[in-house]
Amino acid sequence: MRIICAGTPSTALPTFERLSQDHEVVAVLTRAPAPVGRKRVLTPSPVHQWAAERGIEVHTPEKLTGDLAGLLKVDAIAVVAYGLLVPAELLDVPTHGWLNLHYSLLPAYRGAAPVQAAIAAGEDTTGLSIFRIEQGLDTGPVFASRETAIGARETAGELLERLSQEGAELFAQALEEIAAGLEPTEQTGEASYAPRLTSGDARVDLDLPAAELDRIIRAYTPIPGAWATWDDQRVKIGPAEITENAPPPGHVDTSAKRPVLGTGEGGLVLDRIAPPGKGWMNAEDWARGVRSEIVWN
């Protein structure tokens, strides 16, 4: 097929690299360069860099409009975490449409953060869906899907990395079958939603049980990063271990070899934290330097 790849982050690269082995990638759609780092240097997206290294034509429109219809007359457009809405007038321009890789078993967890939502909800399994984009939010008919287990200690970052690799093979298989005449099936079952997360959403409620907080922290690792406050400043919390013996909710016991954060039920043995104004560090090393009672909220 002659295809266009539309995506932005590094998680899209396994799929685009895999598809480029069997198909002609005539162009890439990605987000415009964005400021990165403390110096706010304008930096092309990982997908932009991938395409440039291979001599593939790159387009970074701020908005998709009818002016792009000529470019989009290809067999299919493969979409992985692109970030721009596709207007109705462009949906049917490619022969087989815009085909999106979504990190859930649709209609479960439609939206921008399906991996985080599944872990936070305590799901044992999640999956992948290849579907045709239509005007509704992740409502289009599905060409292919695959279920996968969620590891007991897996973070959102780890699960997303694994799904991006598995999704590459699923997408390649789906395109081969679509070329042979595969038709999609409509989604069935009750829909659930996973809206885009902000840093504010990642503030943890320390009155929750440790088991629930453990899931939330893993769900928000590495982005947007779970946090609580100490002296009115943010403390980021990395994945931890659940323990029965713990101080009151929000209190941090630094007397043990490894500091323990009290929760509404049980506690969390801290491994890595990012104290106010500092980067990630070993929680044990941090606790040795603390000289006062620690209460987070």
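The values are calculated or read from the model by the stated rules, or taken from the named source; none is laboratory data. These numbers were taken from a predicted model, which means no experiment stands behind them. Heads up, the Cβs are rebuilt from the backbone with ideal geometry, glycines too, and the neighbour counts pull from every protein chain shown. The accessibility values were calculated without ligands, DNA or RNA, using every heavy atom of the protein model including side chains. Shrake-Rupley method; radii C 1.70, N 1.55, O 1.52, S 1.80 Å.
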Practice task
Could you list all residues from the stretch 187-207 that are out of contact with any strand residue (DSSP E or B) (no Cβ under 8 Å at 6 or more places or on another chain) and surrounded by 16 or more Cβ atoms within 10 Å (Cβ to Cβ)?
Solution key: Leu197
Practice task
Examine the stretch 143-161 for a residue that is more than 18 Å from the chain's Cα centre (by Cα), open to solvent by 40 Å² or more (accessible area, probe 1.4 Å) and closer than 30 Å to Gly277 by Cβ, and state whether such a residue exists.
Solution key: no
Completion exercise
Taking the stretch 9-37 and keeping residues buried (at least 22 other Cβ atoms within 10 Å of the Cβ) and farther than 10 Å from Ile77 by Cα leaves Thr11, Ala12, Thr15, Phe16, Thr30
Practice task
Within the stretch 155-191, track down each residue that is assigned to a loop (DSSP other than H, G, I, E, B) and out of contact with any Lys or Arg (no Cβ under 7 Å at 6 or more places or on another chain).
Solution key: Ala180, Gly181, Leu182, Glu183, Glu186, Gln187, Thr188, Gly189, Glu190
Handout entry: In the stretch 76-102, the residues that are among the aliphatic types (A, V, I, L, M) and assigned to a loop (DSSP other than H, G, I, E, B)
Key = Ala81, Leu84, Leu85, Val86, Val93
Exercise for the section: Would you point out the residue of the stretch 116-135, among those that are part of a loop (DSSP other than H, G, I, E, B), more than 13 Å from Trp98 (Cα to Cα) and free of Cβ contacts under 8 Å to residues at least 60 places away in the same chain, that is least open to solvent (accessible area, probe 1.4 Å)? Expected result: Glu123
Practice task
Inspect all residues belonging to the stretch 245-268 and state whether any of them is open to solvent by 50 Å² or more (accessible area, probe 1.4 Å), of a type in the set (Asp, Glu) and in a loop (DSSP other than H, G, I, E, B).
Solution key: no
